[in-house]
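Shown next, in structure tokens, is the structure this report addresses.
The values are calculated or read from the model by the stated rules, or taken from the named source; none is laboratory data. Remember, it's a predicted structure, so these values are computed and weren't measured experimentally. Cβ coordinates were reconstructed from backbone atoms using ideal geometry, including for glycine residues, and neighbour counts include every protein chain displayed. Just so you know, the surface numbers come from the protein's heavy atoms only, side chains and all, with ligands and any DNA or RNA stripped out. Shrake-Rupley method; radii C 1.70, N 1.55, O 1.52, S 1.80 Å.
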Protein chains: 2
Amino acid sequence: MAKVTVLNKNEVAALLDMPGVINAVEQAYAFKQSGLAELFPLVCHVFEECAGEMDIKSGSVDGAGIFGLKLVSAFARNAEKGLPKMMGTILVFDRETGVLKSIMDGSHITNMRTGAAGAVGCKTLARPDSQTLLMVGAGMQAYTLVAASLEVMQHIKRVLVYDPLSMETAKGFCRMFPDRLKNGFFSRYDAKYGDTLRSKAEVSIDPVEDIEQACQQADVILTATPSRQAIIMDGWVRPGTHLSCIGADMEGKQEIDEKLLARARVFADDRVQVIKVGECQKAVKQGILPPENIHEIGDVILGKIAGRQSDTQVTLLDSTGIGLQDLIVAALITDRAQKHGMGMVVEI
Amino acid sequence: MAKVTVLNKNEVAALLDMPGVINAVEQAYAFKQSGLAELFPLVCHVFEECAGEMDIKSGSVDGAGIFGLKLVSAFARNAEKGLPKMMGTILVFDRETGVLKSIMDGSHITNMRTGAAGAVGCKTLARPDSQTLLMVGAGMQAYTLVAASLEVMQHIKRVLVYDPLSMETAKGFCRMFPDRLKNGFFSRYDAKYGDTLRSKAEVSIDPVEDIEQACQQADVILTATPSRQAIIMDGWVRPGTHLSCIGADMEGKQEIDEKLLARARVFADDRVQVIKVGECQKAVKQGILPPENIHEIGDVILGKIAGRQSDTQVTLLDSTGIGLQDLIVAALITDRAQKHGMGMVVEI
């Protein structure tokens, strides 16, 4: 029988640090591009009568010696029952033997790697001297997005926070976020990583009511809303701005004016996926963004193509999320858990 | 965090009894036919350079209130490493909330439900007065196949065992099988079920060298070999015989002369699947078995169509295995484990 490490959400969080996750997400992009990782077909199912859905993302990461899967379920009516709406479970198997290595909660990993993906966009594509960051959407995902971006952007002095649904949510974010930085929330595995982010608690963080004005001040814009129509218009965005867009991950979702996509240098985590479910879908359908103008960020990381080509160019990363990110982070957690004897070991 | 029951192979075996598994397999066939269960698309991947493969079978069983998946891996070189070649892991989720309920080893379940599937073929299609059973292929799968068939066929007096590769394997089966019956190996969950099978240890069980002669004596023939060409010829099989064929589950596999398929009344667990990977593939390709002549056994169980139509008809069940069988058995095990406080409970 195999000895399998089982890790719950708290244990997963204790084994993660944002720099490690950022590194894992970069690896995911690079492995995908160089053929050292592969995604298997996605399985999706909707349970109509109970407003639920589940999907199974699976794949193999030769570079990390593993294959595995993440099953995510979302059941809208769970709140009434005191249960989380979204849940995820990740299984990691040894690539050489097929032996199950670990089982872990996937929700914190998803949140951390999605934040890291936005930050990899900033690190790879934003002007290094960027000083003002605008966060659009102040929900749960905003916490890891802003933290990860502060980790990789050394010169950010000011964070503006806008929430299209509620000024109160934006205010709440600005109140709670510095505490999470101070408490090392995003880098619990290694205190020294925590220190970098802790020092960022001094950055000014303010809610804003006027998104047009905020866009005109921003060097970097991060978006993470469930919007289904453009909330950032083409004319508002200054030359040289970088945008990392996380929100659009389903058919019909949109955050950015499609005209901005037509004039920006556009990057994707996966070209096929962003055309189908990402920020690019409308611009491609309208014919104003030819698919060949969408580059894959992994190619920039591998040095195969240029990222930003000038200080005045607008760059945009359309990040829809790829299962390989979860699997590489889960492999990292498995190694750390085994090294430190963390989690429960069961025989299956 | 969810409380998840984790069960290893020994615990799974302790929670199973053959009558319960036979009942679960009948349910799987019936639910599938009546739309109370659904299979999701199969995910397969071959790791060529290390002679490995994995597949993910997933589905939903409304009738049992669950959805879930089984991931099976087969790595040919594991024997050199002292590891099992095939491994399986099953995850069961609550159908109403998406909460993970249990994680268990899948190898014993696969073996039991495959044996039960052959027996459901006998129970549904064989002449009830059948007295002589021929088992073709004396490997691991033969143990549960014969045990399950003895459970459902009350008048079997004689079991003949033929192995196309090795007379020693057939002899070994005949030596070991009665002990397993006596020890209650196939019905550990409930001693009273074990008694039925224990009484069968008195049935005569003999290895045979001449398969043609054995076929001419048999009322029921079970096949479970990895053969890629017919090993049972049309002319050998008497009128009124029933065959449950388990071996063919991949392209190119065959155990039965295709001419026998053309004259028998043929049933499948899943019509599309048996044409693709089952015993029916060659006969359909040759045009001697029209697809519409392949009936689904679930329709017989539901009373929608007739099974056997006369005492002289040859009937045949082509069983390729469906993921719903695993899930329904896993749901049964989950309920029993929770009832008896068995397995390890972890929070994920």
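Here are a few things to note about the model shown:
- Evaluation of A:Glu347 against (1) open to solvent by 30 Å² or more (accessible area, probe 1.4 Å); (2) away from chain B (no Cβ under 14 Å) (one fails), failing number: (2)
- Filtering the stretch B:320-342 to residues that are in a helix (DSSP H, G or I) and among the small types (Gly, Ala, Ser) leaves B:Gly323, B:Ala330, B:Ala331, B:Ala337.
- Scanning the stretch B:8-54 for residues that are touching an Asp or Glu at 6+ places or on another chain (Cβ under 7 Å) and within 12 Å of chain A (Cβ to nearest Cβ) yields B:Asn8, B:Lys9, B:Val12, B:Leu42, B:Val43, B:Cys44, B:His45, B:Val46, B:Phe47, B:Cys50.
- Whichever residue in the stretch B:284-324 is more than 24 Å from B:Ser130 (Cα to Cα) and free of Cβ contacts under 8 Å to residues at least 12 places away in the same chain and, among such residues, is most open to solvent (accessible area, probe 1.4 Å): B:Lys285
- One residue alone among A:Val21, A:Val72, A:Val46 is within 19 Å of A:Asp249 (Cα to Cα) and under 17 Å from the mean Cα position of the chain (by Cα), and that residue is A:Val72.
- Residues that are within 10 Å of another protein chain (Cβ to nearest Cβ) and either polar (S, T, N, Q) or open to solvent by 10 Å² or more (accessible area, probe 1.4 Å) (or both), drawn from the stretch A:58-82: A:Ser58, A:Ser60, A:Asp62, A:Val72, A:Ser73, A:Ala74, A:Arg77, A:Asn78, A:Lys81
- The residue that is farthest from the other protein chains (Cβ to nearest Cβ), among those in the stretch B:325-344 that are crowded, with 24+ Cβ neighbours inside 10 Å and out of contact with any strand residue (DSSP E or B) (no Cβ under 7 Å at 6 or more places or on another chain), is B:Gln325.
- Applying the criterion of at least 3 residues that are farther than 24 Å from A:Ala24 by Cα, open to solvent by less than 30 Å² (accessible area, probe 1.4 Å) and not hydroxyl-bearing (Ser, Thr, Tyr) to the helices (runs of 4 or more DSSP H) found wholly in the stretch A:107-197 leaves A:167-182.
- Test: residue in the stretch B:96-104 that is farther than 22 Å from A:Lys85 by Cα, within 10 Å of chain A (Cβ to nearest Cβ) and open to solvent by less than 10 Å² (accessible area, probe 1.4 Å): yes
- Of the residues screened, A:Gly247 is one that is among the small types (Gly, Ala, Ser) and either under 23 Å from A:Tyr29 (Cα atoms) or open to solvent by less than 20 Å² (accessible area, probe 1.4 Å) (or both).
- Residues being among the hydrophobic types (A, V, I, L, M, F, W, C) and within 25 Å of A:Gly35 (Cβ to Cβ) - total across the stretch A:291-348: 17
- Restricting attention to the stretch B:250-269, the residues that are under 13 Å from B:Gly118 (Cβ atoms) and either acidic (Asp, Glu) or within 14 Å of the chain's Cα centre (by Cα) (or both) add up to 2.
- All positions within the stretch A:252-271 that are open to solvent by less than 30 Å² (accessible area, probe 1.4 Å) and either among the aliphatic types (A, V, I, L, M) or within 23 Å of A:Ala37 (Cα to Cα) (or both): A:Ile256, A:Leu260, A:Leu261, A:Ala264, A:Val266, A:Phe267, A:Ala268, A:Asp269, A:Asp270
- Meets criteria (more than 9 Å from every other protein chain (Cβ to nearest Cβ) and either surrounded by fewer than 21 Cβ atoms within 10 Å (Cβ to Cβ) or of a type in the set (A, V, I, L, M, F, W, C) (or both)) for B:Val4: no
- Meets criteria (more than 14 Å from chain A (Cβ to nearest Cβ) and not in a helix (DSSP H, G or I)) for B:Gly307: yes
- From the options A:Ala117, A:Ala24, A:Ala74, A:Ala126, residue that is modelled with pLDDT under 95 and of a type in the set (A, V, I, L, M, F, W, C): A:Ala74
- Which listed residue is under 20 Å from A:Leu145 (Cβ atoms) and assigned to a loop (DSSP other than H, G, I, E, B), from A:Pro239, A:Pro226: A:Pro226
- Hey, B:Phe186 of a type in the set (Phe, Trp, Tyr) and at pLDDT below 95 or not: yes
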